[in-house]
Amino acid sequence: MRDMRATHALGQDYTREQGTELTASRAALDALRTHGRTDLENAFSGDLKLIEEAVGGNTDRAIRAMEQQARWRTDPEVRADRFVAEWRHLRKRREQLGGWQNFEERDATDKRLTAMARSVEKDPQMGAALFKRASQLGLSREWSLEWSPGSFDGGIGDELQRSRGIAQALGRMLGRERGLGL
């Protein structure tokens, strides 16, 4: 009889019986905690050593990582913090990649930054949280055409508009930097 194998979300192969067990354990985890399966799988994919620790009975770090994933999924402030950290890291990396010999890596970094800028519009809550962090992203207060002195929110209004404004400002900033050869 042929051994039927499938691929797990983390890239591991498993048999049909293991797949059935996996499906049942995912359902049980989601029954205990909404989105529990997704949070745990995201935690595991972020740190594969957590799997070995959990299998060995040490689940403390896996539980903390799972809780962090839940916070990231539900709290736009946490997503904004992560976005700012990644944005700053990539911009610093891009600055270090000067010269023609690093063109491919710099281009890949540019594409990642552009994708991040575009992703802001898909998460208006995070975009609104990023609005308050404009200076941390390298944007001055004047980044928005709607901003006026004395205006608390830049006159932009709801979080969807703020999110679009941040996404557009980040895109313009990247375009200017590329034009300057930075």
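Values for this structure:
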read-out: Residue that is of a type in the set (Ser, Thr, Tyr), farther than 24 Å from Leu130 by Cβ, surrounded by fewer than 12 Cβ atoms within 10 Å (Cβ to Cβ) and free of Cβ contacts under 8 Å to residues at least 24 places away in the same chain, where the choices are Thr59, Thr20; value: Thr20
read-out: Number of the condition not met by Ala9 [criteria: (1) modelled with pLDDT of 90 or more; (2) outside any helix (DSSP H, G or I)]; value: (1)
read-out: Total residues in the range 28-56, condition under 21 Å from the mean Cα position of the chain (by Cα) and surrounded by 16 or more Cβ atoms within 10 Å (Cβ to Cβ); value: 10
read-out: Hey, Thr34 of a type in the set (Val, Ile, Thr) and assigned to a helix (DSSP H, G or I) or not; value: no
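The values are calculated or read from the model by the stated rules, or taken from the named source; none is laboratory data. These figures come from a predicted structure and were not determined experimentally. So basically every Cβ, Gly included, is an ideal-geometry build from the backbone, and we count neighbours across all protein chains shown.
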